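Working notes, beginning with the structure itself.
The values are calculated or read from the model by the stated rules, or taken from the named source; none is laboratory data. These figures come from a predicted structure and were not determined experimentally. Note: ideal-geometry Cβ built from the backbone for every residue, glycine included; neighbour counts use all protein chains shown.
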Amino acid sequence: MNGAKRRPILLLLALGVATGCAAATGGGGPGTRPGPPAAVAVNCGPNAAASADIVLPPTGGTITAGDATLEVPPGAVTGPTRFHLVVPAGRQFLVRASAMTANGSAVDEFNAPLTLTLHYGQHGCPRHPTTGSPKEYYSIWEVGTDGKPAKPLGGADITGKAEIQGLVGHFSGFILAQG
C-alpha cells in the first residue's frame, strides 16, 4: 500500500478513536455536559401500601404514610394546604406526593424546601458490599417519565437509623436508588 492510500484509513481510525473517547467520557464537544450519574432503583420496597392526607397551615407540620415522612417547614405554603402522600406496596420504595390549596389549585412548588425521609431499615435493603453500611450507598431520586431514577435530590443518610433524607422543592414521584 502506498502512503496516499494509508492516510484516509489512518484519518478514519483517528476519528473513530476520538469519537469513542468523547462518548465514553460523557464529552460531546464544546458546550455539552454529561447528565447525572446513572442510578438503579433498590429492590426493597414496602410489603403494605400506605397513604395519608392532611391539611397543614402556613406554620407547617408533618405528614407520614407508612415508611415515608414529609416535613413542611413554616412558610413553605402561604395558606392551608392539603397534602397527600402515597407509598405503594411493591419491589421498589416509591413515594408519590401532591398538594392542593383550599380552593383546589395544585401546589407544585414551595417557598421553602420540604424534607422527605425514607425509613428503609425494615425492608431488607441490601447493605454496601464493602463497608456493610448503607451510608453513601442509597439516595433519593426523582422518578422520570420512564419510571426510573432521573434526578438526585441530594440529602444525607441518617447514621445508625437506616433512614435517608432529601430536600424537595417541588412534587413528583420519588424513589430509593443506588447511585
Residues of region 44-54 classified as surrounded by fewer than 17 Cβ atoms within 10 Å (Cβ to Cβ) and assigned to a loop (DSSP other than H, G, I, E, B), total: 3
Given the conditions (1) at pLDDT 80 or above; (2) surrounded by 14 or more Cβ atoms within 10 Å (Cβ to Cβ); (3) not hydroxyl-bearing (Ser, Thr, Tyr), and given that residue 57 satisfies all but one, which numbered condition is not satisfied? (2)
Got a sec? Which of 83, 171 is at pLDDT below 95, surrounded by 18 or more Cβ atoms within 10 Å (Cβ to Cβ) and aromatic (Phe, Trp, Tyr)? 171
For region 66-86, pairs from a residue that is in contact (Cβ under 8 Å) with a residue 40 or more places away in the chain and outside any strand (DSSP E or B) to a residue that is among the small types (Gly, Ala, Ser) and surrounded by fewer than 22 Cβ atoms within 10 Å (Cβ to Cβ), with Cβ under 7 Å and 6 or more apart or across chains, are 73/60; 73/112
Please list, ordered by first then second residue, the pairs with beta carbon atoms under 8 Å, 6 or more apart or interchain, first in region 46-58 and touching a residue at least 60 places away in the same chain (Cβ under 8 Å) and of a type outside the set (Lys, Arg), second in a strand (DSSP E or B) and surrounded by 16 or more Cβ atoms within 10 Å (Cβ to Cβ). 46/87
Residues of region 86-123 that turn out to be surrounded by 20 or more Cβ atoms within 10 Å (Cβ to Cβ) and aromatic (Phe, Trp, Tyr), as a count: 2
Scan region 103-138 for residues that are over 17 Å from residue 41 (Cβ atoms), outside any loop (DSSP other than H, G, I, E, B) and at pLDDT below 75 and report the count. 2
